[in-house]
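Following: one structure in structure tokens, then a few remarks.
The values are calculated or read from the model by the stated rules, or taken from the named source; none is laboratory data. These numbers come from a predicted model, not from an experiment. Note that each Cβ is placed from the backbone with ideal geometry, even for glycine, and that neighbours are counted across all protein chains shown.
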């Protein structure tokens, strides 16, 4: 049962209320946004909540079990801070959400109704529907290490230890020709071997997508040109002259960690565990079960 602050409880007890909903969203890039269904801006805790932003919310649903409670926030793309490009780019995905019930005549009288995160975002031509998941959704995520043959560290993080600022693992290039919506030939990467940046990360430094990151699918070195293909098409079109930084990729195999990065000592997988063929194989005469690595 939620306990209301004394001031807000006294406001309810009057029988006539002046209430509004406020949503505070904190994106993964650290930017904080406030929205309200009131017709004037409201401010508290250092956040100004923008009015008439197109946000309308469904009812708050709460269960007694550990299932994920969800609420939908539906709106039109009228706010300058909610852009179609940012939605497509995933910048609102998994943003932290706080839902407040506020007395708009005195914002010190408020109560936090729900805390969660943005889940699925469905987009139409002029509107969007964002799913707001309760904190119970964290219970569905894998926590801790995974017992698997491949490495479970992120390339370049503290557990991995590889320095991606090393010139051997980092390059800069410029788009020369656009081959498709996610493929293009580049200059500036001729010194790197074929496939060196496959499964790596590309960060656009100039052009329509400047500041955005993309995952690299393939890096092909041909006789006369170098071609980069991304996992997904960028939100905005790639253009000749766009520049980028690119970091080497890793396929999480022990051989790659050892030979490409000379980092076998920090490999975070279990390369010698038996595979599925070993688990499901049947007994056969002549098998040598000595306990050695298979």
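Residue count for segment 255-271 satisfying the condition of being over 16 Å from residue 196 (Cβ atoms) and crowded, with 16+ Cβ neighbours inside 10 Å: 4. Within segment 207-230, the residues that satisfy the criterion of being more than 20 Å from residue 156 (Cα to Cα) and exposed (fewer than 14 other Cβ atoms within 10 Å of the Cβ) are 210, 222, 223, 224. Residue 114 - would you say it is at pLDDT below 85, in a strand (DSSP E or B) and either over 20 Å from the mean Cα position of the chain (by Cα) or closer than 21 Å to residue 216 by Cβ (or both)? Yes: the conditions hold for residue 114.
Please work out which residue is farthest from the chain's Cα centre (by Cα), limiting yourself to segment 169-190 and to residues that are free of Cβ contacts under 8 Å to residues at least 60 places away in the same chain and assigned to a loop (DSSP other than H, G, I, E, B). Only one residue fits best here, namely 190.
In summary, residue 227 fulfils each of the numbered conditions (1) in contact (Cβ under 8 Å) with a residue 24 or more places away in the chain; (2) in a loop (DSSP other than H, G, I, E, B) with the single exception of condition (2). State which residue is modelled with the lowest pLDDT when the search covers only segment 33-54 and only residues that are within 28 Å of the chain's Cα centre (by Cα), in a strand (DSSP E or B) and over 17 Å from residue 114 (Cβ atoms). Within segment 33-54, the match that is modelled with the lowest pLDDT is 50.
Can you find even one residue in segment 265-282 that is within 30 Å of residue 147 (Cβ to Cβ) and touching a helix residue (DSSP H, G or I) at 6+ places or on another chain (Cβ under 6 Å)? Within segment 265-282 (the criterion being within 30 Å of residue 147 (Cβ to Cβ) and touching a helix residue (DSSP H, G or I) at 6+ places or on another chain (Cβ under 6 Å)), the answer is yes, since at least one residue qualifies.
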